[in-house]
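So the structure is just underneath, and the comments pick up after that.
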Amino acid sequence: MPSDNVYREKRMPEPLVQLWRRFYHDALSMLGLYGFALLILLCLFGTLFAPYHLDQQFLGYHLLPPSWSRYGDVSFFLGTDDLGRDVLSRLLAGTAPTFGSALVVTLAAALVGLALGVLAGVTRGLRSAALNHVLDTVLSIPSLLLAIVVVAFLGPRLEHAMLACWLALLPRIVRTVYTSVHSELEKDYILAVRMDGASMPHILRYAVLPNIASQLVSEFTRALSMAVLDIAALGFLNLGAQMPSTEWGATMDDQLELVYVAPWAVMLPGCAIMLSVLIVNIFGEGVRRAMVAEVE
């Protein structure tokens, strides 16, 4: 009869289940997961959760402070702006043009960057050296500056800001994937696999990519954080989303002149940007820790 070890091996969970168990037992990682899921939910259904219509104006309720303030009103939890619009409703609706746009840009840059980075990582000789120098040159330009140049050429729109952020993120992702793949292919175990006759697609799929997955997760997290900040910064500089958009950066720019009169109208969109970046970093770091623990 088969021993107990055989049955125990058959009952061993799959790698993804093991990854989830390590992630689940980390309280901070689960907090990041819940926050990330909430951001996705607000991107899809933020306007449905808003207590009022985005552009609805309430006469006599201009520049009303948040409800916990001495002069606040329970009907407007986060107060109103200079036009009498509910700040909470506009913040919820602003999740999609800020965080949602950044997520789309990052996913597009990650897909293209992964393909180009892997292709560059398996090259050798002059082509590899030339690509390395080109990436170094592009990466020497700050991402926000590159995005400003692109938007200044195309015109101030949210779609143009997304394209500019995509162009700014792509070289960084390509460089990270290229470096990781190139260094992994230089290791001894890859040479042994090649001597056994394994093809390059097989090596990439079963050896290289699983071993650099944690590095890719870290890069994706950084890229998403940068995309959120860049889109919000372009909106704040009046180069991205235009009013009456609810994008958080554009909202801050629109209410900036009221910072001493109604500071909540400026600070709350800034806090939303900060919290979204913090949630992304906590969630990404939790996934990375779980993946690194699996490798160890």
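The values are calculated or read from the model by the stated rules, or taken from the named source; none is laboratory data. Computed from a prediction, not measured in an experiment: that's the story for all the values here. When we count neighbours, we look across all protein chains shown, and the Cβ atoms used for this are built from the backbone with ideal geometry, even at glycine. Only protein heavy atoms, including side chains, enter the accessible area calculation; ligands, DNA and RNA are left aside. Shrake-Rupley method; radii C 1.70, N 1.55, O 1.52, S 1.80 Å.
See the values below:
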quantity: Some residue of the range 113-120 being open to solvent by less than 30 Å² (accessible area, probe 1.4 Å), among the aliphatic types (A, V, I, L, M) and touching a residue at least 40 places away in the same chain (Cβ under 8 Å); calculated: yes
quantity: Qualifying residue in the range 202-217 (condition: free of Cβ contacts under 8 Å to residues at least 40 places away in the same chain, surrounded by fewer than 24 Cβ atoms within 10 Å (Cβ to Cβ) and within 18 Å of the chain's Cα centre (by Cα)); calculated: yes
quantity: Residue selected from the range 176-188 under the condition surrounded by 22 or more Cβ atoms within 10 Å (Cβ to Cβ) and of a type outside the set (Val, Ile, Thr), by the criterion farthest from Leu216 (Cα to Cα); calculated: Tyr178
quantity: Residue list for the range 143-155, restricted to those being under 23 Å from Tyr178 (Cβ atoms) and open to solvent by 70 Å² or more (accessible area, probe 1.4 Å); calculated: Leu145
quantity: Meets criteria (within 20 Å of the chain's Cα centre (by Cα) and touching a residue at least 12 places away in the same chain (Cβ under 8 Å)) for Ser180; calculated: no
quantity: Scan of the range 89-107 for residues that are surrounded by fewer than 23 Cβ atoms within 10 Å (Cβ to Cβ), out of contact with any Gly (no Cβ under 8 Å at 6 or more places or on another chain), more than 20 Å from Leu256 (Cβ to Cβ) and among the hydrophobic types (A, V, I, L, M, F, W, C), ordered by number; calculated: Leu103, Val104, Leu107
quantity: Identity of the residue in the range 149-171, over 19 Å from the mean Cα position of the chain (by Cα) and part of a helix (DSSP H, G or I), that ends up nearest to Leu116 (Cα to Cα); calculated: Val150
quantity: Filter result (part of a helix (DSSP H, G or I) and charged (D, E, K, R)) within the range 172-206; calculated: Arg172, Arg175, Glu184, Asp188, Arg194, Arg205
quantity: Residue count, the range 68-88 (criterion: in contact with a Ser or Thr (Cβ under 8 Å, 6 or more places away or on another chain), open to solvent by less than 40 Å² (accessible area, probe 1.4 Å) and outside any strand (DSSP E or B)); calculated: 3
quantity: Sole residue being open to solvent by less than 90 Å² (accessible area, probe 1.4 Å), out of contact with any Pro (no Cβ under 7 Å at 6 or more places or on another chain) and aromatic (Phe, Trp, Tyr), chosen from Phe49, Phe58; calculated: Phe58
quantity: Hits in the range 221-256 - residues which are assigned to a loop (DSSP other than H, G, I, E, B) and either under 21 Å from the mean Cα position of the chain (by Cα) or surrounded by 22 or more Cβ atoms within 10 Å (Cβ to Cβ) (or both); calculated: Leu237, Leu239, Gly240, Ala241, Ser245, Thr246, Glu247
quantity: Single residue of Asp26, Asp81 found to be in contact with a helix residue (DSSP H, G or I) (Cβ under 7 Å, 6 or more places away or on another chain), more than 19 Å from Asp253 (Cβ to Cβ) and in contact (Cβ under 8 Å) with a residue 24 or more places away in the chain; calculated: Asp26
quantity: Ile282 being within 15 Å of Thr95 (Cβ to Cβ) and either of a type outside the set (S, T, N, Q) or part of a helix (DSSP H, G or I) (or both); calculated: no
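Okay, residues lined up against (1) without any contact (Cβ under 8 Å) to a residue 40 or more places away in the chain; (2) in contact with a Gly (Cβ under 9 Å, 6 or more places away or on another chain); (3) not in a helix (DSSP H, G or I):
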site	(1), (2), (3)
Ala109	no, no, no
Arg124	yes, no, yes
Val134	yes, no, no
Leu145	yes, no, no
